[in-house]
Every structure is written in structure tokens, then in C-alpha cells.
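Before we start, here is the structure in question, set down as C-alpha cells.
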Amino acid sequence: MAIDPVTAKLIAKAAIKAATDEEARKKIVIIILIPVISVLLILTMFTYIITHPLDFLSTIFSGNELTQVTEMHNDFSLDQNVDTTDSNYKVSYETDYSGITFSNGSTKVVYFNQADKRWADIPYGKTGTIGKSGCGPTSLAIAVSSLSGKTVDPVQISKWAYENGYRCEGNGSYHSLIPQGAKAFGLKAEGCSTSETQRIVDALATGKLVVAIMEKGHFTKGGHFIVLRGVTSEGKILVADPVSKSRSDQEWDLSLILNEASIHASAGGPFWILSR
């Protein structure tokens, strides 16, 4: 049937109003959703960065740059700075350890202590001292002096480490100090994992030394380099702890050493077998 002009006009107005209202509703929904979606995307991005930091950095860096970033991440995750209020540090800081050696392993080991009063306050890099953050250079000095036949003290190793880029400012030393420093001072260095138990024992039994990077436990509250210097007939591990003579005089279960070795180690660690 025919629709009169007035009715048609009313219908047209109603249709236009309905369409306008629908567009308004869509605009309102979009205005509300945009910030919500933006916040969700930002949160997702930050969650990904926090949970997958190296994957994220791999989109920015490549090759040698990514290797350096990975090592920095691993090294900064374990603070090697010693608590100067710790009783072991206090005892060491007041002591001169000249002439101390260990002869109860397969190799006679020259002992150095990073907090030895002769060099505890000597700078290591721009932001630390040998006493506070020099466990890496001191451990390497123990190994080099014991295996090479030439005495190289922590001051010399610290200077070399800083000049060659192995000082991790604000922390301690990059893990690569051990294998690269060992080679620079005439030793062979082989990385070793926590699963290679027999390899570690065999190395110690045949007169080699093993530098280990430890994490929170019996040796440190953060990160700390020590030297495994021998194995007893009962299978106990002998160590040279560069901040504690008392811990160096003890015998340790291999399982404890393995459990507390750093799972964050880079540069082939957490163990490095050093030999002539």
C-alpha cells in the first residue's frame, strides 16, 4: 500500500537516527578499547622482556655483540663483591699471607688472598678494590703461580684484567677472565660443566687445577671464584678460597661443589680445568 509523505519522512528520520546512534556507539567502543588494548600490549611486551631478556636483546644485537650482552647478563646476575663486614674478610684484611702454600693435593699450590693487607685496598678497575671484588684475578693468580712456576700475584693479574677488558665494573670480573687469562699467562684452559663429574675428579687427581664460579651457598652470598686444588683418597675436594683461609683448610663434598656452582656461568664454565 502507498505510504503518505509524512509517514515516509518520519521513517527516514528514524532510520538516519538509528544509523547515527550505531556509529556513535561504535566510536564510544573504539575510544574505550584503544587505551585498554594499548595497556595490554605494553604489559605483554614488558612481560616478554622480563621473562625472555636475551631473546629480546637478540632482536637488537647480533654476533659478537650478542655474545657480550649474554655474558654481561650472566655476570651481573651474580654479584662478586665481598661483604666487607664478613668475618672471613675481616680476618684476611688484617693478615699477610706471604709464603702460604698447600701441599696436600697432587700439586703444590701457592695461596693468595684477595683481602691480604698488602693489596686489599689497591684499586681493581675504576669502581672497586682487589679486596672487595678481586676473587677472579686472585683465583687466576693462584693457578698461574702454582702451575707455571712463575709467581704472579693478584695485583699483576688485576692490572692485566682491567687493561684487557675483563673487569666487570660494579661487580667483579667477566667469566671469560679465567680461560682467556690462563692462556695469556701460558696455561691451557678447558671449560667444564657440572655434569662432567669424573672429568673434574680426574683433572684434580692428575695435578691440574680447576677454577670454579660459585653462587649463593657455603662460599658466597652472591658470586665468587674459587680454586679446586685437589681430591683426597676419600673423594673429598680441596679448595683454595681467595677470601677465606679457613675454608681453604677444609675438605668439601663434591656434590656440594656441584650444587653450588653457578648455573649462570658463561665462557665455558662454571668450571675451567687449567694445566701447563
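Over segment 94-160, what lengths in whole Å, largest first, do the semi-axes of the equivalent ellipsoid take, defined as the square roots of 5 times the eigenvalues of the alpha-carbon gyration tensor?
21, 13, 8
Measure out, as a whole number of angstrom, how far apart the alpha-carbon centroids of segment 75-138 and segment 199-230 sit.
15
Fewest Cβ neighbours within 10 Å first, please rank L140, L256, L147, L209 accordingly. Present the calculation step by step, with values, prior to reporting the outcome.
On the way: L140 37, L256 13, L147 22, L209 27.
By the 10 Å Cβ count, ascending: L256, L147, L209, L140.
Over segment 201-276, what is the relative contact order in percent, taking alpha-carbon pairs closer than 8 angstrom and at least six residues apart?
Worked out over segment 201-276, it gives 33 percent.
Would you order I157, I32 from fewest to most other beta-carbon atoms within 10 Å of each residue's own beta-carbon? Write down the numbers at each step before the final one.
Values: I157 30, I32 10.
Going from sparsest to densest Cβ surroundings: I32, I157.
Beyond 21 Å between alpha-carbons counts as too far, so tell me which of K117/K221; K159/K221; K159/K245; K90/K132; K126/K183 fall in that bin.
K117/K221; K159/K221; K159/K245; K126/K183
The numbers here are math on the coordinates, done by the rules we state, and not lab data. A quick note: this is a predicted structure, and the numbers were derived from the prediction, not measured. Neighbour counts run over all protein chains shown; Cβ positions are idealised from the backbone, glycine included.
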